[in-house]
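These notes concern the structure reproduced below.
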Amino acid sequence: MIISRDTNIAMIPVRIGSQRLKWKNLVLIKNKPLLYYSIQAAIKSKKFDEIYINSDCEIFEKIAKKYKVKFYLRPKKLGKSDIHSDDVVYDFIKNINCDKLFWINSIAPLQNYIDISSAFENFIKSDKDSFFTVQKKNV
């Protein structure tokens, strides 16, 4: 008997060409790159079969290896500031097989594994085909 189950993929999109803050995903916070906090929250949530850094720049492959997640190199044209999120997602799902794709923002260091777990569970319980979360935080 073959048991089928959904493949849940977390994708953390990063690009090298931020216009307002250069190299923002690599900015150090407590001696760790900003990207690190999203990776760790996704890992600690224990909700995903695979976690990918999705980037237009090979420098992020080293970070993926260091933190034991996968890396997907998207075409350079999908790293421009005028590219829509849908284009990044479409390119990814054309190349990486998954049943459910979860976009984890790389620039939200206050997002923790509990936030991700909760959003994941709420999405799975819903009968929606997409789900967007926001949270008000005072810092």
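The values are calculated or read from the model by the stated rules, or taken from the named source; none is laboratory data. Predicted model, so just to flag it, every value in this text is computed and none were measured. Here Cβ is always computed from backbone atoms with ideal geometry, including for glycine, and neighbour counts include all displayed protein chains. Heads up: the accessible areas ignore ligands, DNA and RNA and are worked out on the full protein's heavy atoms, side chains in. Shrake-Rupley method; radii C 1.70, N 1.55, O 1.52, S 1.80 Å.
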In the stretch 38-45, is there at least one residue being over 18 Å from residue 7 (Cα atoms) and open to solvent by 50 Å² or more (accessible area, probe 1.4 Å)?
-> yes
Breaking point among (1) at pLDDT 90 or above; (2) surrounded by fewer than 17 Cβ atoms within 10 Å (Cβ to Cβ); (3) not polar (S, T, N, Q), for residue 74 | (2)
Apart from one, (1) more than 13 Å from the chain's Cα centre (by Cα); (2) more than 19 Å from residue 130 (Cα to Cα); (3) open to solvent by less than 20 Å² (accessible area, probe 1.4 Å); (4) of a type outside the set (Ser, Thr, Tyr) all hold for residue 82; the odd one out is (3)
The one condition in (1) over 18 Å from residue 24 (Cα atoms); (2) touching a residue at least 12 places away in the same chain (Cβ under 8 Å); (3) assigned to a loop (DSSP other than H, G, I, E, B) that residue 109 fails to fulfil = (1)
Counting only residues that are aliphatic (A, V, I, L, M) and either part of a helix (DSSP H, G or I) or more than 25 Å from residue 43 (Cα to Cα) (or both), how many does the stretch 65-97 have?
-> 5
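For residue 13, are the conditions met, namely being modelled with pLDDT of 80 or more, buried (at least 16 other Cβ atoms within 10 Å of the Cβ) and out of contact with any strand residue (DSSP E or B) (no Cβ under 8 Å at 6 or more places or on another chain)?
Details: modelled with pLDDT of 80 or more: yes; buried (at least 16 other Cβ atoms within 10 Å of the Cβ): yes; out of contact with any strand residue (DSSP E or B) (no Cβ under 8 Å at 6 or more places or on another chain): no.
Here the answer is no, as residue 13 does not meet what is asked.
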How many residues does the stretch 96-120 contain that are crowded, with 16+ Cβ neighbours inside 10 Å, farther than 16 Å from residue 35 by Cα and of a type in the set (A, V, I, L, M)?
-> 3
Here are some residues: 93, 59. Which one is surrounded by 12 or more Cβ atoms within 10 Å (Cβ to Cβ) and over 23 Å from residue 130 (Cα atoms)?
-> 59
When you go through 89, 69 one by one, which is the residue that is touching a Pro at 6+ places or on another chain (Cβ under 9 Å), touching a residue at least 12 places away in the same chain (Cβ under 8 Å) and hydrophobic (A, V, I, L, M, F, W, C)?
-> 89
Residues satisfying the stated conditions in the stretch 54-87, i.e. under 24 Å from residue 121 (Cα atoms) and among the aliphatic types (A, V, I, L, M) = 69
